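Below: the structure, in structure tokens.
The values are calculated or read from the model by the stated rules, or taken from the named source; none is laboratory data. These numbers were taken from a predicted model, which means no experiment stands behind them. All Cβ positions, even for glycine, are placed from backbone atoms using ideal geometry, and neighbour counts span all protein chains on display. For the accessible areas, the whole protein counts, side chains as well, though only heavy atoms, and no ligand, DNA or RNA atoms are used. Shrake-Rupley method; radii C 1.70, N 1.55, O 1.52, S 1.80 Å.
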Amino acid sequence: MGDRDLELLEFHKITEILAGFASFSASRQLALSVSPLADGEEVSLLLKQSTEARRLLSLSPDIHIGDVLDIRNVVKMAALGKVLEPQTLLEIQKTLESARRLRGNLMDLSDELPLLSGLAEGIVELAALEKDIGRCLSPTGELLDTASPRLASVRHRMREVRQQLLTQLEAIVRSPRRQKIIQEPIITEREGRFVIPVKVECRREMKGIVHDVSNTGATLFIEPWITLDMGNELRELVMEEKHEIERILATLSSEAGAHESEMSRNIELIAEIDLALAKARYAREVGATEPVIVAAGRGTQAQSDGPPGVLRLLDARHPLLAHKAVPLSLEIGRDFSTLVITGPNTGGKTVALKTVGLLSLMAQAGLPIPARAESRIPLFDGVFADIGDEQSIEQTLSTFSWHVGNIVRIINSATGKSLVLLDELGTNTDPSEGSALARSILLHFLSQRTMTVATTHYTELKALAHTTDGLQNASLDVDPRTMAPTYHLTVGIPGGSNALATASRLGLPPEIIANARDMLSKGTQELEALLSHLMTEQKNVELLRRSLEKESDEAEQRNSELRNRLRQLEEEKRTIIKETRDQIVREAAELQGKVREAASELRKERSRETIEQAKKALAEVQKQLSAEARRPTAVAGTHEEEEAGPITAGDTVWLKDAGLQATVLSVSEERGLVEVHIGRAKITLSVDRVEKRIPITGTVERRIGTITSGLSKRRASLELDLRGKRAEEVELALEDYLNEASLANLTQVRIIHGIGTGTVRQIVRELLASHPLVVSFRAGGQGEGGDGVTIVSM
């Protein structure tokens, strides 16, 4: 982009505005140096950074880089050996601290802001230097005692000596004998020495060194001999303190100089980040967004979606007019490459021309533009402008000559991928020749497909744009009643110059206006009337279009509201169904829990009742046993033993564990269990815990050795697997297994229920908690199955 074109389009004013949003000198300088670029990838990167910065401002409206200063020059001097002042070192510390915080804040948002966090990642944190400066200097730049042990020691001794010195001087001043020779009872300081003001006529009575005389000559400032040694020591300590401070500052400066390259790079990165934030602040101020960049000309598309070579601006505003500008919308490059703008004087033609050019330059400089985000701008290889009056008396150039020379420059430089802006083409010379020249220039740019926007008052150019493919008319509208400009651009219809109406509006006497109108040819008047009629019709069509668009938008809004309401109702329906289902499940679970609790209580009651019955039966049987034991017993061997057979219902059996006699009620060979009757109690036992009793002749029964019944003995398993069983099956299976385990004299068993939803585990543990055969239970440990298993102690 040429400097002349940038100046004509006032691009430098944009960079000055941008610099006003920067936070420190380095980013301000960077903003002032912003210029349009030809590299599409670089332009897209800058625009994406601007987009991220606007996102950052939306997340943190008060985000700031902190107390960053451009310290590149001072650290460069430190690297060359210069000792920096304390305030300069504090500036370095504040900059390092702000850089560290900025880096941390952006790295925390790296997922949302990959480009800005990528810049921040390059910032080098110099924590040691930052800490060293903070340890040595106070916020006001004073050297702290913590700066070095030597400095702390010297200052401690200085305070002691100073206090001793002042105490001795106070004693002299307050001495009754000395008061008559002292001018004032004060202790003051001259040239770093503590002195006493003595009357000049009494100088012989105070032995010491005279350091100063008052302006009147009536007072001598004397340091007494008695305090001279302490004064000398204090002076030496002051010098030692000064040397130690210089050493500390030199050390800190050397440390800062050693990191000159890192700190200089940090400032450059922070300036880039702050420039992106300046763009975002500018965008927030004027309502700007980042446009889409497309390839220029008819070549292949680059960098973004969108038709190549098409310039589309939607609700674009001149950036220097801010919110006072009337938005314009246009599209060039699809159906035509040259746009001819006509309209009244002071109607905004030049503003429209500059808006197109300036927004194109801003986009290629990576800046957001005051237009809608759907706007598209081609990547031009040059933006050329012929605007304004640049006649030169020194170079003997007239206005026309200057314009022709500038157009020659543009013709020699512009390509099919350039943007050319021509204001009042062909003016400042004979109208007929100027019109012909203007038409020829436009046809030249049309032939090489150069995107061109021109303003004119020539009727011949309006006709050319109407009849030539690739050219299109546009006009700045006027109010049909007052003929005042509205600054609204309408593409497709030429506009009238309305010179007489404009002159009248600006205050030209009516008689002059009327006389001028009479001088116009009939054809010119008819053409102006036709254009005025067209503008009125266009205005009516535009009003109708807006009305239809409004109705369409309202209908679409209603449809959207209905769709949203329908989605809301569907969501409410799903929510109600889900809540109802969940409520049923919860109620079923509660009911099931109550059923289990009731069953558990019933088992407890049944167990208590059975135990009580067994106790009563045992007592009764033991009573009978006592009676039988007292009866005479037959002589051994007088009766023959009879062979025992299988245990069946009705047999008399002997309970081996209890030593009692019982009658068999039923036998379950499959389960290896036998149900017996003892007194009033019924008990179920394992078959191997009883032996059959054989009646022998006489009143005595004898025990047969252990009877081997026809029932097969069954050993209980050490574990029970309940996985896959339904809730109602779990309790029955577990009840039977616990009985078998108890009969098999197992002391510990393993119940496998799995994890799943936890329902089976809950049923198992609730039943175990109330079962009379269970001593305790716990979840499985490591290697035992974890929480998918319960270990039971019988």
Residue, farthest from Lys207 (Cα to Cα), within segment 153-174, restricted to residues that are of a type in the set (A, V, I, L, M) and surrounded by 14 or more Cβ atoms within 10 Å (Cβ to Cβ)
Val154
Residues of segment 176-192 classified as open to solvent by 30 Å² or more (accessible area, probe 1.4 Å) and farther than 22 Å from Glu241 by Cα, total
10
Would you be able to tell me the number of residues in segment 1-27 that are part of a helix (DSSP H, G or I) and in contact with a Leu (Cβ under 9 Å, 6 or more places away or on another chain)?
15
Only one of these conditions is not met by Leu464: (1) open to solvent by 10 Å² or more (accessible area, probe 1.4 Å); (2) touching a strand residue (DSSP E or B) at 6+ places or on another chain (Cβ under 8 Å); (3) in a loop (DSSP other than H, G, I, E, B). Which number is it?
(3)
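Table: residues versus (1) farther than 27 Å from Ile222 by Cα; (2) in contact (Cβ under 8 Å) with a residue 12 or more places away in the chain; (3) in contact with a strand residue (DSSP E or B) (Cβ under 6 Å, 6 or more places away or on another chain).
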position: Ser138; (1), (2), (3): yes, no, no
position: Arg150; (1), (2), (3): yes, yes, no
position: Arg157; (1), (2), (3): no, yes, no
position: Arg162; (1), (2), (3): no, yes, no
position: Val195; (1), (2), (3): no, yes, yes
Test Leu220 against the criterion of being more than 60 Å from the chain's Cα centre (by Cα) and without any contact (Cβ under 8 Å) to a residue 24 or more places away in the chain, and give yes or no.
yes
Subset of segment 30-57 (residues that are without any contact (Cβ under 8 Å) to a residue 40 or more places away in the chain and of a type outside the set (Asp, Glu)):
Leu32, Ser33
Here is a check on your reading of the model: is Ile270 within 53 Å of the chain's Cα centre (by Cα) and in a strand (DSSP E or B)?
no
Taking Glu572, is it more than 30 Å from Ala474 (Cβ to Cβ), open to solvent by 70 Å² or more (accessible area, probe 1.4 Å) and at pLDDT 70 or above?
yes
Condition (residue is under 21 Å from Ala276 (Cβ atoms), assigned to a helix (DSSP H, G or I) and not aromatic (Phe, Trp, Tyr)) applied to segment 132-147: is it met by at least one residue?
no
Kindly establish whether Ala414 is among the aliphatic types (A, V, I, L, M), free of Cβ contacts under 8 Å to residues at least 60 places away in the same chain and surrounded by fewer than 17 Cβ atoms within 10 Å (Cβ to Cβ).
no
Any chance segment 44-57 includes a residue that's assigned to a helix (DSSP H, G or I) and farther than 21 Å from Arg284 by Cα?
no
Given the options Leu106, Leu116, name the one that is out of contact with any Ser or Thr (no Cβ under 7 Å at 6 or more places or on another chain), within 13 Å of Ile270 (Cβ to Cβ), in contact (Cβ under 8 Å) with a residue 12 or more places away in the chain and crowded, with 19+ Cβ neighbours inside 10 Å.
Leu116
For segment 26-76, name all the residues that are surrounded by 22 or more Cβ atoms within 10 Å (Cβ to Cβ) and among the hydroxyl-bearing types (Ser, Thr, Tyr).
Ser27, Ser50
Selection from segment 77-94 of residues that are more than 21 Å from Gly122 (Cα to Cα) and either open to solvent by 80 Å² or more (accessible area, probe 1.4 Å) or in a loop (DSSP other than H, G, I, E, B) (or both):
Met77, Leu80, Gly81, Lys82, Val83, Leu84, Glu85, Gln87
Has segment 269-276 got at least one residue that is at pLDDT 95 or above and open to solvent by 30 Å² or more (accessible area, probe 1.4 Å)?
yes
Of all strands (runs of 3 or more DSSP E) completely enclosed by segment 712-794, which ones contain at least 1 residues that are among the basic types (Lys, Arg) and open to solvent by 20 Å² or more (accessible area, probe 1.4 Å)?
748-752, 776-779
Could you go through segment 232-246 and let me know if any residue there is more than 30 Å from Pro149 (Cα to Cα), in contact with a Gly (Cβ under 9 Å, 6 or more places away or on another chain), modelled with pLDDT of 90 or more and of a type outside the set (Gly, Ala, Ser).
no
Which number in (1) more than 30 Å from Asp386 (Cβ to Cβ); (2) in contact with a strand residue (DSSP E or B) (Cβ under 9 Å, 6 or more places away or on another chain) marks the one condition that Pro36 misses?
(1)
Pull up segment 287-325, narrow it to residues that are among the hydrophobic types (A, V, I, L, M, F, W, C) and open to solvent by 50 Å² or more (accessible area, probe 1.4 Å), then point me to the one that is modelled with the lowest pLDDT.
Leu321
Output the number of the condition that Ala454 fails; it satisfies all remaining conditions of (1) modelled with pLDDT under 90; (2) closer than 18 Å to Val356 by Cα; (3) open to solvent by less than 20 Å² (accessible area, probe 1.4 Å).
(1)
Among the numbered conditions (1) over 28 Å from the mean Cα position of the chain (by Cα); (2) closer than 20 Å to Pro368 by Cβ; (3) of a type in the set (A, V, I, L, M, F, W, C); (4) modelled with pLDDT of 95 or more, tell me where Ala31 comes up short.
(1)
Looking at segment 193-213 only, could you name the residues that are open to solvent by 30 Å² or more (accessible area, probe 1.4 Å), out of contact with any Gly (no Cβ under 8 Å at 6 or more places or on another chain) and not charged (D, E, K, R)?
Ile209, Val210, His211, Val213
Filter result (in a loop (DSSP other than H, G, I, E, B), among the small types (Gly, Ala, Ser) and closer than 20 Å to Ile71 by Cβ) within segment 95-127:
Gly122
Given (1) modelled with pLDDT under 70; (2) not in a helix (DSSP H, G or I), where does Thr524 come up short, assuming only one miss?
(2)
If the requirement is being of a type in the set (A, V, I, L, M, F, W, C), over 30 Å from Ser686 (Cα atoms) and either at pLDDT below 60 or surrounded by fewer than 10 Cβ atoms within 10 Å (Cβ to Cβ) (or both), which of these qualifies: Ala644, Ala636?
Ala636
Among the listed residues Ser475, Ser440, which satisfies the condition of being touching a helix residue (DSSP H, G or I) at 6+ places or on another chain (Cβ under 9 Å) and small (Gly, Ala, Ser)?
Ser475
